[in-house]
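Undergrad: What follows is a structure written as structure tokens; I'll ask about it next.
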Amino acid sequence: MRAVLVDGTGLELGRGEAPGCVVTVETCEAAANAVLEAVADASRAAGVRLPVDALWAGLSGAGREPARLAVLGRLRDAGLAPSVDVGTDAEAAFQDAFPDGPGILVIAGTGSIAWSRDERGRTGRVGGWGTHLGDGGSGYAIGMAALRRVALAEDGRERPTALKDRLLARLGLEDPRELIEWAGRAGKRDVAALVPMVEGAADQGDAVAASVLDEAAAELDAHVAAVLERTGPWSENPRLALCGGLVWERGPLRTRIVRALAGHRVALVERDVDPPLGAARLALGLLAYRGS
């Protein structure tokens, strides 16, 4: 989790970090504490005393209203700022990518989602269904696909793959069947952390690993196709921004997704998106609303 502190004009003063946490009703306390830690770190870097004037927290999982309200209550009780609001990490990223206009945002990190705002101001989303129902093209999906391909190879249903030795070494296991127990207790971030093993195997010419990455990029491309079908018509090619560790510059899916996007009429935003800065700008909007 990252936090950015800005002054009233939007000038950046300092940044902070803390271990992240997906928000649920059950984890709202941990999520609020992570926000507190990141904001405190940013305030130390900026040389600014807490409380600040306004706080807007963009958190994974906050799209579910009970979870959003739970963590919002904790943050208000903490006294970090007189004006506090909570939204999703996707909203924060979109604010930085397209602060004043339309566009399409694809996020691919531990999870995945596509957000859009068309020229009439209508918003929409594709994906973001979570671990069990969606997140195609995400780090979690890539990690799970790699584990499944190793299992298939062990059964003789898939060609042999270097993923087997790489994953076992990464996890400190000796037998592929030990992956059953590991996968049963692994969290979403644990599974997504396997992506570098897949990328490394693909870079060394492993066809199975390369196909896992190709399939993930195809899932993200399908997100974009669905967004384009459900929005518009556009008077000009919509701008599209990529956000998240999988698709940022030098990310394992960057080349693949850029190649796929060439098949759509979109204008790719070349700069990296900065979600914490988007959240800070939304906090400034809270001040403007309070003063109106």
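The values are calculated or read from the model by the stated rules, or taken from the named source; none is laboratory data. The structure displayed is predicted, hence computed values, not measured ones. Positions of Cβ are backbone-derived with ideal geometry, glycine not excepted, and every protein chain shown enters the neighbour counts.
Undergrad: Picking from Ala42, Ala62, Ala57, Ala67, which residue would you name as being farther than 26 Å from Leu105 by Cα and of a type in the set (Gly, Ala, Ser)? Even if it seems obvious, please write down each step before you answer.
TA: Working: Ala62 fails: farther than 26 Å from Leu105 by Cα; Ala57 fails: farther than 26 Å from Leu105 by Cα; Ala67 fails: farther than 26 Å from Leu105 by Cα.
Sole residue among the options that is farther than 26 Å from Leu105 by Cα and of a type in the set (Gly, Ala, Ser): Ala42.
Undergrad: Residues of the range 177-209 being exposed (fewer than 15 other Cβ atoms within 10 Å of the Cβ) and under 18 Å from Arg250 (Cβ atoms), which ones?
TA: Scanning the range 177-209 gives Pro196, Asp203, Gln204.
Undergrad: When you look at Ala70, is it in contact with a Gly (Cβ under 8 Å, 6 or more places away or on another chain) and touching a residue at least 12 places away in the same chain (Cβ under 8 Å), yes or no? Give the steps one after another, and end with the answer.
TA: Working: in contact with a Gly (Cβ under 8 Å, 6 or more places away or on another chain): no; touching a residue at least 12 places away in the same chain (Cβ under 8 Å): yes.
Considered against the rule, which asks whether it is in contact with a Gly (Cβ under 8 Å, 6 or more places away or on another chain) and touching a residue at least 12 places away in the same chain (Cβ under 8 Å), Ala70 comes out as no.
Undergrad: Ok, one more. Identify the residue in the range 6-55 that is at pLDDT below 95 and touching a Ser or Thr at 6+ places or on another chain (Cβ under 6 Å) and, among all such residues, is surrounded by the fewest Cβ atoms within 10 Å (Cβ to Cβ).
TA: Here the answer is Leu50.
Undergrad: Against the conditions (1) β-branched (Val, Ile, Thr); (2) in contact with a strand residue (DSSP E or B) (Cβ under 7 Å, 6 or more places away or on another chain); (3) under 21 Å from Arg254 (Cβ atoms), where does Ile142 fall short? Just the number, please.
TA: Only one criterion in (1) β-branched (Val, Ile, Thr); (2) in contact with a strand residue (DSSP E or B) (Cβ under 7 Å, 6 or more places away or on another chain); (3) under 21 Å from Arg254 (Cβ atoms) is unmet by Ile142, namely (2).
Undergrad: Quick one: would you say Leu228 is out of contact with any strand residue (DSSP E or B) (no Cβ under 6 Å at 6 or more places or on another chain), outside any loop (DSSP other than H, G, I, E, B) and among the hydrophobic types (A, V, I, L, M, F, W, C)? Break it down stepwise before answering.
TA: Numbers: out of contact with any strand residue (DSSP E or B) (no Cβ under 6 Å at 6 or more places or on another chain): yes; outside any loop (DSSP other than H, G, I, E, B): yes; among the hydrophobic types (A, V, I, L, M, F, W, C): yes.
Yes: the conditions hold for Leu228.
Undergrad: Within the range 3-24, count every residue that is in contact with a Gly (Cβ under 7 Å, 6 or more places away or on another chain) and outside any loop (DSSP other than H, G, I, E, B). Can you show your working first?
TA: Taking the range 3-24 as the starting set, the residues that turn out to be in contact with a Gly (Cβ under 7 Å, 6 or more places away or on another chain) are 3, 5, 22-24.
Those still in the list that are outside any loop (DSSP other than H, G, I, E, B) too: 3, 5.
Residues that pass the stated criteria total 2.
Undergrad: How many residues, within the range 240-292, are closer than 27 Å to Ala209 by Cβ, without any contact (Cβ under 8 Å) to a residue 40 or more places away in the chain and of a type in the set (A, V, I, L, M, F, W, C)?
TA: Within the range 240-292, residues that are closer than 27 Å to Ala209 by Cβ, without any contact (Cβ under 8 Å) to a residue 40 or more places away in the chain and of a type in the set (A, V, I, L, M, F, W, C) number 4.
Undergrad: State whether one or more residues within the range 210-224 are buried (at least 19 other Cβ atoms within 10 Å of the Cβ), more than 22 Å from Thr131 (Cα to Cα) and either touching a residue at least 12 places away in the same chain (Cβ under 8 Å) or touching a Lys or Arg at 6+ places or on another chain (Cβ under 7 Å) (or both). Break it down stepwise before answering.
TA: Of the range 210-224, the ones buried (at least 19 other Cβ atoms within 10 Å of the Cβ) are 212-213, 216-217, 219-221, 223-224.
Now narrow it down to the ones that are more than 22 Å from Thr131 (Cα to Cα): none.
No: the range 210-224 contains no residue that is buried (at least 19 other Cβ atoms within 10 Å of the Cβ), more than 22 Å from Thr131 (Cα to Cα) and either touching a residue at least 12 places away in the same chain (Cβ under 8 Å) or touching a Lys or Arg at 6+ places or on another chain (Cβ under 7 Å) (or both).
Undergrad: To continue, here is another question. Output yes when any residue across the range 177-188 is part of a helix (DSSP H, G or I), over 30 Å from Val266 (Cα atoms) and in contact (Cβ under 8 Å) with a residue 60 or more places away in the chain, and no when none is.
TA: Quick first cut of the range 177-188, residues part of a helix (DSSP H, G or I) only: 178-185, 188.
Subsequent filtering for residues that are over 30 Å from Val266 (Cα atoms) retains 178-185, 188.
If we keep only those that are in contact (Cβ under 8 Å) with a residue 60 or more places away in the chain as well, we get 188.
Yes.
Undergrad: Ala114 - would you say it is touching a strand residue (DSSP E or B) at 6+ places or on another chain (Cβ under 9 Å), more than 25 Å from Pro19 (Cβ to Cβ) and surrounded by 19 or more Cβ atoms within 10 Å (Cβ to Cβ)?
TA: On the way: touching a strand residue (DSSP E or B) at 6+ places or on another chain (Cβ under 9 Å): yes; more than 25 Å from Pro19 (Cβ to Cβ): yes; surrounded by 19 or more Cβ atoms within 10 Å (Cβ to Cβ): yes.
Against the criterion (touching a strand residue (DSSP E or B) at 6+ places or on another chain (Cβ under 9 Å), more than 25 Å from Pro19 (Cβ to Cβ) and surrounded by 19 or more Cβ atoms within 10 Å (Cβ to Cβ)), Ala114 qualifies.
Undergrad: Another one. Name the residues in the range 235-266 that are loosely packed, with under 15 Cβ neighbours inside 10 Å and closer than 20 Å to Gly124 by Cβ, would you?
TA: Passing the criteria: Ser235, Glu236, Asn237, Arg265.
Undergrad: Only one residue in Gly73, Gly61, Gly111, Gly47 is in the same structural domain as Ala226 (by TED's automatic domain parsing) and out of contact with any His (no Cβ under 6 Å at 6 or more places or on another chain), so which one is that? Reasoning before the result, please.
TA: Working: Gly73 fails: in the same structural domain as Ala226 (by TED's automatic domain parsing); Gly61 fails: in the same structural domain as Ala226 (by TED's automatic domain parsing); Gly47 fails: in the same structural domain as Ala226 (by TED's automatic domain parsing).
Answer to the selection: Gly111.
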